[in-house]
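A.B. asks: Structure provided below as structure tokens; questions to follow.
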Amino acid sequence: MFSSSPNASTQELFAKFLRKTERASKGELTFGRGHRFDVDEMVTHKDILEIKYRDLPIECEKQGQWVRLYFSEPEAHKGILLGLTLRLKKVGSPDLQTQDAREAFQILEQMMGE
């Protein structure tokens, strides 16, 4: 999706990513299941959340790709958002999302020393 030299679409996506991440750190995102919400929890791993990025560059939409940041808010570290993985999500591929959530959970376990 991204080339070695950033174009306007890549720069725009990165700017949106930063804005949404800043909003997340302030607790300003909406939580729930479905496209109209910013954050959702993974059904297979309740400790793993995903930030959904909409309004992607047209080449992503044509390819049926979404960008997701998988993260956690560990109980032992209140107020900290722990970014785990950033993935392209293929529309209509729940098995790949489950795999991404599993990978994020494994990273969380390693980071928390479990």
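Read the figures in this text as sums done on the coordinates, not as results from a lab. These numbers were taken from a predicted model, which means no experiment stands behind them. Heads up, the Cβs are rebuilt from the backbone with ideal geometry, glycines too, and the neighbour counts pull from every protein chain shown.
A.B. asks: Which GluC sites (Glu not before Pro) from segment 9-38 combine a DSSP loop assignment with at most 16 other Cβ atoms within 10 Å?
C.D. replies: Filter output for segment 9-38: 28.
A.B. asks: Can you put 93, 72 in order of Cβ neighbours within 10 angstrom, beginning with the fewest?
C.D. replies: 93, 72
A.B. asks: How much net charge surrounds residue 32 when only the other residues with a Cβ under 11 Å from the Cβ of residue 32 are counted, with Lys and Arg +1 and Asp and Glu -1?
C.D. replies: 0
A.B. asks: Another question about this same structure. Which of the lysines could a cross-linker span from residue 46 if the Cα-Cα distance has to be under 22 Å and same-chain partners fewer than 8 positions apart are dropped?
C.D. replies: Straight-distance partners of residue 46: 20, 26, 78, 89, 90.
A.B. asks: Using a 10 Å cut-off around each Cβ, can you sort 35, 45, 77 from fewest to most neighbouring Cβ atoms?
C.D. replies: If I rank by nearby Cβ atoms, fewest first, I get 35, 77, 45.
A.B. asks: Also: Simple spin-label model, 7 Å along Cα-to-Cβ: residue 112 to residue 22 in nm?
C.D. replies: For residue 112 paired with residue 22, the spin-label model returns 3.0 nm.
A.B. asks: Then there's this: Please tell me the relative contact order of segment 61-109 in percent, rounded to the nearest whole number, where contacts are Cα pairs under 8 Å and at least six residues apart. List each step's numbers first, then the result.
C.D. replies: Numbers: 56 pairs, mean separation 17.3, N = 49.
Relative contact order of segment 61-109: 35 percent.
A.B. asks: Along segment 16-26, what does the Karplus equation 6.51 cos²θ - 1.76 cosθ + 1.60 (θ = phi - 60°) give for ³J(HN,Hα), rounded to whole Hz, x for Gly and Pro?
C.D. replies: 5, 4, 5, 4, 5, 5, 5, 4, 4, 5, 9
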